[in-house]
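The next block holds one structure in the form of structure tokens; read it before the comments.
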Amino acid sequence: MSGYRDALGAPGALRVFLPALLGRLSLAMVTLVLLYAVQEATDSFAIAGAATGAFGLANVIASPFRARLVDRHGQRLTLSSLSVLYAAGLIGVAVATAADGTPAAVVIGLAAIAGVFPPPLGASMRVIWGSLTPAGPARTAAYSLDAVSEELLFTGGPLLAAAIITLTDPPTALVATAALSVVGTLGMTSSAASRSRLPSATTPPRAARPLSQPGFALVLLALLGVGVVLGTVEVAAPAVAEAQGSVGIAGLLLAAFAGGSAIGGLLYGRRPWRSSLVCRLLVCGATMIALSALMAALPGVAALAAGLALVGFFLAPSLITGYLLADDLTDVEVRTEASSWINTAVNAGAAVAAIAVGAAADATDPRWGFLVGAAGAGLLLAVAAPGLLRHRRRPRSAPAPTPPAASLPVSVPPPPPAPPNP
């Protein structure tokens, strides 16, 4: 555990990390809250899945551009502005779903608009971790800590969302989700570590962009499959809960999934690894996909919760490995963008899965959605695997460690996970 203590003990780490987690709690709640807000307003999981998918796809498309803005203009201005716009979008969805007779197309469109603006708090925090820790085991521990903490949020987030929905209603829960994003983001960007991430003095050449690096697109393709599993769980589990007649069950199922991911990430960060990053990504992804297919056959909510915890066990390790590969394959000036592309791939898979699995849940038994998602995810990983194995070569040489953020002069960013939702 010393690696985790060292990461938290870095100058200014807790001051920036804690509010960043608060802002990311919004993302842990938004999928479930949005799903139920639209489902309650339209009485259709297909429309709710489409709205969730529209939110996710908009997030996916805009994510690299938001991250590029952060690299170019600094964290403080960009993240703060995005958080306000994101909150306004969620409040717009809340108003639309609370009103009677709002057309489904309007609700889906508003969800897509909100999805354009989530601030990339995860990618930005990973950049800060990169400035606080040297490459190697210390950074792996920092990224693992970040991923585990985020998964703990995704354990508590659905429970908190379900509680707010039960005590009030889904539109109120959307407003609460918006408020968390603004408060957390402003707290993060007011810290010295975040303020030190100054705007880049120059625009990196196209050849330095993450997508121009050999093997990077294949990493994204593999993580697209991981995202499909994530999106499948986020829609199929609430659909099963709805069939059981309880919103609270949905929170428990998603919490079990996130809790398993947190445990997996914690153990991953503690172990010294000899296998290559590529092999780890492929093994974690394939195991996660195979286990998710088995969820369709599990009887009862208790068995499904245990099974989802096992599926989730491989989620955080897959994401951590993806972030480490992004570090290996890209230059320091584009790390926010590189980390954001990892999140983009995962979110893209989740968004597509939300649409497909939502339709399957309406048309058949909700548990069949797990098979639909596993089939798509398996196909993506199978396409990516041969090329990744061919690119399994020496990593890029690690840059020299960057001094702690508090002592950084005018500099450019040197990246954590995340996630989903940005």
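Observations on the model:
- Among residues of the stretch 353-365, those that are surrounded by fewer than 24 Cβ atoms within 10 Å (Cβ to Cβ) and within 15 Å of ILE47 (Cα to Cα), counted: 5
- Filter pass, LEU381 being over 21 Å from GLY259 (Cβ atoms) and surrounded by fewer than 22 Cβ atoms within 10 Å (Cβ to Cβ): no
- Every residue from the stretch 323-347 that is touching a Lys or Arg at 6+ places or on another chain (Cβ under 6 Å) and closer than 15 Å to ALA147 by Cα: SER339
- Once the stretch 267-287 is narrowed to residues that are crowded, with 17+ Cβ neighbours inside 10 Å and either of a type outside the set (A, V, I, L, M) or more than 16 Å from VAL219 (Cα to Cα) (or both), the residue that is modelled with the lowest pLDDT is GLY269.
- Only one of the numbered conditions (1) modelled with pLDDT of 85 or more; (2) of a type in the set (A, V, I, L, M, F, W, C); (3) not in a helix (DSSP H, G or I) is not met by ALA398, and that is (1).
- Sole residue being at pLDDT below 85 and in a helix (DSSP H, G or I), chosen from GLY248, GLY225, GLY231, GLY157: GLY248
The rows are residues; the columns are (1) under 22 Å from the mean Cα position of the chain (by Cα); (2) more than 20 Å from ALA258 (Cβ to Cβ); (3) not in a helix (DSSP H, G or I).
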{"position": "LEU308", "(1), (2), (3)": "yes, no, no"}
{"position": "SER318", "(1), (2), (3)": "yes, no, no"}
{"position": "TYR323", "(1), (2), (3)": "yes, no, no"}
{"position": "VAL352", "(1), (2), (3)": "yes, yes, no"}
{"position": "ALA359", "(1), (2), (3)": "no, yes, no"}
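- Check on ALA37, under 30 Å from ARG195 (Cα atoms) and either of a type in the set (Asp, Glu) or in contact with a Pro (Cβ under 7 Å, 6 or more places away or on another chain) (or both): no
- Within the stretch 116-132, tally of residues that are in a loop (DSSP other than H, G, I, E, B) and crowded, with 24+ Cβ neighbours inside 10 Å: 3
- Test for GLY101: is it outside any helix (DSSP H, G or I) and either closer than 22 Å to ALA161 by Cβ or small (Gly, Ala, Ser) (or both): yes
- Every listed requirement among (1) under 23 Å from PRO118 (Cα atoms); (2) surrounded by fewer than 24 Cβ atoms within 10 Å (Cβ to Cβ); (3) aliphatic (A, V, I, L, M) is met by ALA350 save one, (2).
- Note on the stretch 289-328: residues that are of a type outside the set (A, V, I, L, M, F, W, C) and surrounded by 24 or more Cβ atoms within 10 Å (Cβ to Cβ) amount to 8.
- Tally, over the stretch 81-104, of residues that are modelled with pLDDT of 95 or more, surrounded by fewer than 23 Cβ atoms within 10 Å (Cβ to Cβ) and farther than 19 Å from THR52 by Cα: 2
- Checked against (1) surrounded by fewer than 22 Cβ atoms within 10 Å (Cβ to Cβ); (2) part of a loop (DSSP other than H, G, I, E, B), GLY187 passes all but a single condition, namely (2).
- Condition check for LEU152: among the aliphatic types (A, V, I, L, M), part of a helix (DSSP H, G or I) and under 28 Å from GLY264 (Cβ atoms): yes
- Reported count of residues in the stretch 248-266, each being among the β-branched types (Val, Ile, Thr), over 23 Å from VAL372 (Cβ atoms) and crowded, with 20+ Cβ neighbours inside 10 Å, is 0.
The values are calculated or read from the model by the stated rules, or taken from the named source; none is laboratory data. It should be emphasised that the depicted structure is a prediction, and the values quoted were computed from it without experimental measurement. Neighbour counts are summed over all protein chains in view; Cβ atoms, including those assigned to glycine, are modelled from backbone coordinates with ideal geometry.
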